[in-house]
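Before any comments, here is the structure.
None of the figures in this text is laboratory data; all of them are computed from the coordinates on show. What you see is a predicted model, and the numbers here were worked out from it, not measured in a lab. Reconstructed Cβ throughout: ideal geometry from the backbone, glycine too, with neighbour counts over all protein chains shown.
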Amino acid sequence: MTREALFAHLATGSTTVCRAWTVQRRDGTVMGFTDHDRDLAVDGVTCRADTGMTARALQQTTGLSVDNSEAVGALSDAAITEAEILAGRFDGAMVRSYLVNWAEPSEWTEQFRGTFGEITRSGGAFKAELRGLSEALNRQQGFAYQPACSAVLGDARCRFDTSQPGYFTERVVETMTEDRVFGFTSFGGFDDRWFESGRLEMLTGEAAGLVGVVKIDRLEGAARRIELWQSLGARVVAGDSFRVTAGCSKSAAACRTKFANFLNFRGFPHIPGEDWLTSYPVPDRPNTGGARFPQFGL
C-alpha cells in the first residue's frame, strides 16, 4: 500500500520527502503543484514544480474544529491566473495536500482535504484560505417560516423542470456592455421581465461556464435588454452563446400562475406579518379578531 510504504520510508530516519497539492475546480479542471524541484506524478495528477504555490503549516485536530490554513503562490499564465480568480473559477475548489517520497512518487499519504475559501490578490500573488471538511458543520441548518418560497427554482424541493419549452432559451450575444448588460435588436417570444431573477449561463467564449443572475429584463419594442447583478468576471463578446432561464420571484402568485407548481411551493404565504401581529382592533380596519383566511380555516 502507498501509505505503508511511505511510513516504512519515514521510519528509516533518512528521508526524501516533499509536499504536493492538487486543486480540482468545480468545472472539473484539475491542477497539481509541488515544492520539489521537479515535476511529480501523485495519485494520477502531474504536480508541477515551477508554479510557486506553497501552503503554510496545516493545523489539524482530532475533534470537530475546522482545520484552517492558507495556500499562497504567484499568479502566472502557466498556473493560476488573476483573470481566473476574478472570474470565480477557483471559488470552492477542492484542495488535497500530500506528503510524497520524491524518490518514489508512488509512496504518498494524504494529509489534508478541504476547499478554497476567501481568495485575495496583490502584488502579482494570491493568498487563499483553506477550509477543512468539518467547515460544513458550521453552516446553519433548517428552514425559516417566511411568506416567500425557500426553494431554488428547479431543485429537488421545487421539482419544476426548467428544461420545458417556454422557460429557457439559448441565444447568441449581439451587444455587450461592462460584461453584464446584454442588448438584442429582436428577442421576442417571452413576456417583459420574464427572465428577472433567472439564471444566465455562458456556453462558449472566454466566459464559458460562468453563471450570472438576471437583475433587469426589459422589452423595448422588438428589442430586449438583459442586465445582470454583477459582471461575469470574464470578457464576453458578440457571437458568444448563452442559456437563460426564466426567473422566479419566490411568491405564491408566481408559483401558481407562471410555473403551475403551487403544490411544491415552499413558503408560508398566510403567515401574519409583524405589522399585523402588533396591531389592535379599530372600527375602520378589518382586524376584528376573526379568522384572516376563513376559507382555509386560518
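Show me the three semi-axes of the equivalent ellipsoid for the range 145-298, from the C-alpha gyration tensor (sqrt of 5 times each eigenvalue), largest first, rounded to whole Å. Let's see the in-between values first.
Details: eigenvalues 303, 54, 41 Å².
The equivalent ellipsoid of the range 145-298 has semi-axes of 39, 16, 14 Å.
Over the residues of the range 220-285, compute the C-alpha Rg and express it relative to 2.2 N^0.38 Å. Walk me through the intermediate numbers first.
Working: Rg = 20.4 Å, N = 66, 2.2 N^0.38 = 10.8 Å.
Working it through for the range 220-285, the quotient is 1.89.
Tell me, in nm to one decimal, what length is gained between K127 and R26 on full extension, where the rule is 0.36 nm per residue of separation less the Cα-Cα distance?
The span from K127 to R26 would gain 34.5 nm if fully extended.
If we count other beta carbons within 10 Å of each Cβ, what is the order of D43, D191, D179, fewest first?
Fewest to most other Cβ atoms nearby, the residues stand as D191, D43, D179.
Starting at the first residue of the range 130-137, write each ³J(HN,Hα) from the Karplus equation 6.51 cos²θ - 1.76 cosθ + 1.60 with θ = phi - 60°, in whole Hz, x for Gly and Pro.
Working through the residues one at a time gives 9, 10, x, 5, 6, 4, 4, 6 Hz.
Out of residues 5 or more away from S150 or on other chains, whose amide H comes under 5 Å of its own, with H placed 1.01 Å from N in the peptide plane?
R266, G267
Translational diffusion coefficient, Stokes-Einstein: compute it for the range 168-245 using the Kirkwood radius over C-alpha pairs as Rh, at 10 °C and 1.306 mPa s, and state it as an integer in µm² s⁻¹. Walk me through the numbers on the way to the answer.
Details: Rh = 12.1 Å.
Result for D is 132 µm²/s.
Given R₀ = 30 Å, what would the calculated FRET efficiency be for D192 paired with L263, taking r from the Cβ atoms and rounding to 0.05?
For D192 and L263, the calculated efficiency is 0.65.
If you project the alpha carbons of the chain onto the principal axes, what extent comes out on each, in Å, largest first?
For the chain, the Cα extents along the three principal axes come out at 89, 51, 36 Å.
Can you list residues whose amide H is under 5 Å from F160's amide H, if they're 5+ apart or on another chain and H is modeled 1.01 Å from N?
G154, D155
What are the ³J(HN,Hα) values, in whole Hz, obtained from phi via the Karplus relation 6.51 cos²θ - 1.76 cosθ + 1.60 with θ = phi - 60°, for each residue of the range 112-122 in sequence order, with x given for Gly and Pro?
For the range 112-122, the Karplus-derived couplings read 8, 9, x, 9, 6, x, 5, 10, 10, 10, 6 Hz, x marking Gly and Pro.
Just subtract the alpha-carbon distance of T162 and A238 from 0.36 nm times their residue separation and send over the number in nm, one decimal. Don't jump to the answer; show the numbers that get you there.
Numbers: separation 76, 0.36 × 76 = 27.36 nm, distance 2.58 nm.
Result: 24.8 nm gained on full extension.
Relative to the longest principal axis of the chain, what angle (0 to 90°, nearest 10) does the C-alpha long axis of helix 2-11 take?
Rounded to the nearest ten degrees, it is 50.
Among the lysines, select those whose C-alpha is under 20 Å from the C-alpha of K258, and discard any that sit fewer than 8 residues away in the same chain.
Correct list for K258: K215, K250.
Tell me, what HN-Hα J-couplings in whole Hz come from the Karplus equation 6.51 cos²θ - 1.76 cosθ + 1.60 at θ = phi - 60° for each residue of the range 209-226, using x for Gly and Pro?
x, 7, 10, x, 9, 6, 8, 10, 9, 10, 8, 10, x, 7, 7, 9, 10, 10
Check V42: other-chain or 5+ apart residues with amide H under 5 Å from its amide H, H built from backbone geometry?
Under 5 Å from the amide H of V42: C47.
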